[in-house]
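So the structure is just underneath, and the comments pick up after that.
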Amino acid sequence: MVTNVTSFGRSGLSDWVVQRVSAVILALYTLFLVFWFAQHPQVQYEQWSELFKCTSMRIFSLLALFSLIAHAWVGVWTITTDYLTPLSLGKYATAVRFLVQCACTIALFVYLVWGIDILWGN
Amino acid sequence: MLTVSIYRYNPETDAEPYMQDVQLDTGGKDLMVLDVLELLKAKDETIAYRRSCREGVCGSDGMNMNGKNGLACITPLSETVKNNKLVLRPLPGLPVVRDLVVDMAIFYKQYEKVKPYLLNDSPAPAIERLQTPEEREKLDGLYECILCACCSTACPSFWWNPDKFIGPSGLLQAYRFLADSRDTATQERLAELDDPFSVFRCRGIMNCVAVCPKGLNPTRAIGHIREMLLHRGT
Ligand code: SF4
Ligand code: SF4
């Protein structure tokens, strides 16, 4: 058992499941938007805001946003633990990796709050 | 004439590794790469490599031939040589002891982690623990591994985290004991594998499958472990 406290769910299995489920949700959301844009070739502000007035669209968007955040966290965490290691960076690896992970987590948090504000703010 | 380019490194005399080019007359025969090494060693006895059975059973002459890992003893020149050139390097990702000899300590450490032996807490029967032919069949494609390390040292995930990711070879063996009907420690074994590194560092690149000289499929075994973890965890 290899322990790690910075991964998303602390367990490899939960990270793996989160990564798959969030990928499916993001794929569905993308397909929906592509389909919607195909239906509305000359999209105007009115149609766009009409779409997002609908509560189910807001919930779907929020779900997609959560998925994106979780997916990005698992992905970034994996990349940092692959490439920012003592093998490639020597003794500063842990500090560099931790800082990069913190920076990414803060950025993801900002995007999350910002996204919620866009969807539910005025 | 065949040009053989060999990775040379003697830590006692060389500041750093270098490639040595040697010309060799193979007499037009389709030799095995190991035969080529033996011919070269007859000319220059300082060339170091591991070998033993010379028939693909012991797993000691795993090396990188023209960019692909394999066993020198069962790889014919016709299979690997391009433009009359043969480039021999040690298995990638492990510390080099000398020339083509690598330090396999970390590879064995990962193997040791999966407890590669039967664990059974029920009292031993008078003669032996029996299996049905179907139960025995589940071990096919798993028990044949000769621990040559060709797969793990071809796996990028193992290169990046050789101390944390068990690697295809160790995971194939982990599944060999998870799948064994005589083993009673399945839950304990799975609990040991449920972290983000041991199993889940596998990204399905399948280099391991491409190089295994015994034709085994570690990726499939890893998939089975993942399924077992999923059943246990959901
Ligand atoms: S399938 Fe998994 S274990 Fe095999 S080479 Fe790829 S990442 Fe490594
Ligand atoms: S799975 Fe194949 S390549 Fe890997 S150690 Fe076993 S025999 Fe060698």
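Points to keep in mind about this one:
- Averaging Cα coordinates gives a centre for region B:198-232 and one for region B:8-71; these two points are 30 Å apart.
- Three principal axis lengths of region A:35-82 [C-alpha, angstrom, descending]: 45, 22, 16
- The mean number of partner chain beta-carbon atoms within 10 angstrom of a residue's beta-carbon across peptide A:71-78 is 1.
- Spherically averaged projected area in nm², based on the convex hull that wraps the Cα atoms of region A:12-120: 8.5
- Summary of the geometry: region A:60-97 and region B:115-177, compared by the centres of their Cα atoms, lie 31 Å apart.
- Shown here is the pair-distance distribution of the protein assembly as shown: with all Cα-Cα distances grouped in 20 Å bins from zero up to the longest one, the shares run 24, 43, 27, 6, 0 percent.
- Helix-only CD estimate at 222 nm, as mean residue ellipticity for chain B, using -39500 (n - 2.57) per DSSP H run (n ≥ 4): -9000 deg cm²/dmol
- Kirkwood hydrodynamic radius over Cα pairs of chain B, then Stokes diffusion coefficient at 20 °C and 1.002 mPa s, in µm²/s: 111
- Taking every residue in A:10-18 and counting other chain Cβ atoms within 10 Å of its Cβ, the average works out to 6.
- DSSP beta bridge pairing in the protein assembly as shown, given as percent antiparallel to the nearest 5: 80
- Across the alpha-carbon set of region B:176-234, the Rg to Rh ratio works out to 0.99, Rh being the Kirkwood radius.
- Shape analysis of region B:1-105 based on the Cα gyration tensor places the equivalent ellipsoid semi-axes at 20, 16, 12 Å, largest first.
- Fluctuation leader among B:193, B:139, B:88 - chain B, Gaussian network, Cα springs under 10 angstrom: B:139
Bear in mind that the values in this text are calculations on the coordinates, not laboratory data. Values in this document were obtained by computation on a predicted structure and should not be read as measured data. No Cβ is skipped: glycine too gets one built from the backbone with ideal geometry, and neighbour counts run over all protein chains shown.
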